[in-house]
1. Quick one: if you stick a label point 7 Å off each Cα along the C-beta vector at residue A:319 and residue A:260, how many nm between them?
2. Relative to the longest principal Cα axis of chain A, at what angle does helix A:257-270 sit, 0 to 90 degrees, rounded to 10?
3. Do you know the relative contact order of segment B:259-388, to the nearest whole percent, from alpha carbon pairs under 8 angstrom that are 6+ apart?
4. Calculate, in whole percent, how much of the Cα-Cα pair population of chain B lies beyond 40 Å.
5. Ignore the peptide's own chain and count Cβ atoms of other chains within 10 Å of each Cβ in B:70-80; give me the average, rounded.
6. Considering only the label points, 7 Å along Cα→Cβ from Cα, what distances in nm to one decimal separate residue A:42 from the same position in each other copy, shortest first?
7. In whole angstrom, and with the biggest value first, how far do the Cα coordinates of segment B:239-388 range along each principal axis?
8. Between residue A:135 and residue A:252, how high is the FRET efficiency from 1/(1 + (r/R0)^6) when r is the Cβ-Cβ distance and R₀ = 30 Å? Nearest 0.05.
């Protein structure tokens, strides 16, 4: 299989846009920016992959990729929608990587997109519940805040993790977001404000939870020889690994075995270790999630994720810069767009183009994205490692 | 890229199962049969791809592949949902092919699945309309019967195609289905009955339209060397090509440019010509569609598809055996399952295991699947060519 590079990225500002821009306009903006960044024309694009979750609630799901790519002149080529819940566009990115690594294509466009606002809450909940086993968890009302609330309780009990430590994740990520022009909530929040935010699922308050957002993100990838024709700063894909859950109802709720397995293979494929990672965009759908993932990704020992946040080790330019973009918590989480938005952040950081939130001398970045949740385990986990 | 083979297939009976079996049970049956047919164990499967459209209406979409594959012990490996409307599982099949051709995996399981009955009609229509440009066609009420009704009218006007010729497609496919134990409607229908069936969208009556069905179909594919370990009758994938529409509002409604383009590349990749095809499963969502596709696939000249049916040239063992399985019209059309179900039929035919509907000495088979429809063109078209 051939080496593959990211040669261009682009995204919309994430936000709350219940009417306009719609799916087409957001996708157009992200694709246009990524193609311009990559210096490619529509005729250069040989295939498209789109990650989008919609389908319930009336937002345009099935044809989102085709309609958005049409807006920038990418028509006729194979366009494939990938859907793996919140990991949809990291899955799409990986499928695109496989197609280029295989030698089937040289230049491929990947889009992640989601239109979440503007739906009645009931429809939104119904759509979100689709990411669980409907016959069991769905009917039990096991929504994601409930699941992560239980995980947080267990982490507190087993390792002494505190509500304050979780809240500090939100404070940090909102601070990072103030330096990100694409963020949904680029606002500082105080520890007190997070702790006093309305309770959603104990111990998780509103500001411990990522928002419902709209947005799109795109990337252009290319084979090595072709990448060099278009850009002087290709970013190498060292690893793109995906796993699914094992559906083993486990007694240990404080670790995601799926993340451990996926990361292990990704580190092996990339020939790097956790200590080599300069920055990581991790799937902080809830504050406890970031703490958990940082442990499962090998950045900190199990149980020490809370303390690491408290000691500032996850801030920009500290031990490992976690979610310099603001993460799902503050950059926002338009589910289908998140995977590629993480790739955008890695690319900007590795190129040294991240402005005030730049991680100094970033060489290697990791993106961790999870989708769906069932029987005590994730449905899908993607770990992607990029190198400048 | 490496040569890839189909080493096992299996499917459920298609039908109307509003309560049970559910998504998990149908998927389990199809996967189990395909894995048994391929002689593989769960540990042999390195990745899974699932084509499923659901998501609207409450049927399990996002996790369908994971939940179904879990039932047969396929867990932990990357499982990717592909969704391209009615071409979802032909897209999934192609993505699986790319991953094996790339050298990333040796053995991959592909599932197509759909649970369509049991939904209120309003929900079903809403889900189906998602396959069009919602802001334009969706709001205009451009449902698929309407689109194909217009196409039929134009074909009649331009080429003198008759309602009787269209009805003969339904008569033929229902006859073929009587020999297929997996068919939803294994019943003979008379020409008169088709012509007198309730009008849906002139000139298409109820029996000119495919039914709403439930069902699942699965296939196991493998690289050449590995395929030989598991089976003595590997079926070679000569071509797996996908295209999207060009969104060019065209004046000529009597041809799908997307099919012409996809087929052309598939024939080139497979190094065969239309005359070499012994049998084809084509996307006969409506009777006029089969006539149109037979022309666009190069089996007959443009405008002569109606006459060809009338003269019996598309019957089993005639010039080219079209939809020996009964096709979407009579085998049924559980949308996400259709692409892989077509592959099942090709494999059985090419192995000489198709019983009473066997195409004598079948060497090369073609599957044609289309998904979504927008701006006068298909959203997705897949053409797969297999050889025994």
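1. 1.9
2. Between helix and principal axis, roughly 40 degrees.
3. 28
4. Taking all Cα-Cα pairs of chain B, the fraction more than 40 Å apart is 7 percent.
5. Rounded to a whole number, the mean comes out at 6.
6. 4.8
7. Principal-axis extents of the Cα atoms in segment B:239-388, largest first: 43, 31, 30 Å.
8. 0.75
FYI, it's all coordinate maths here, none of it is from the lab. Treat the numbers as computed from the prediction; the structure is a model and nothing was measured. Glycine gets a Cβ as well: all are built from the backbone with ideal geometry, and neighbour counts include every protein chain shown.
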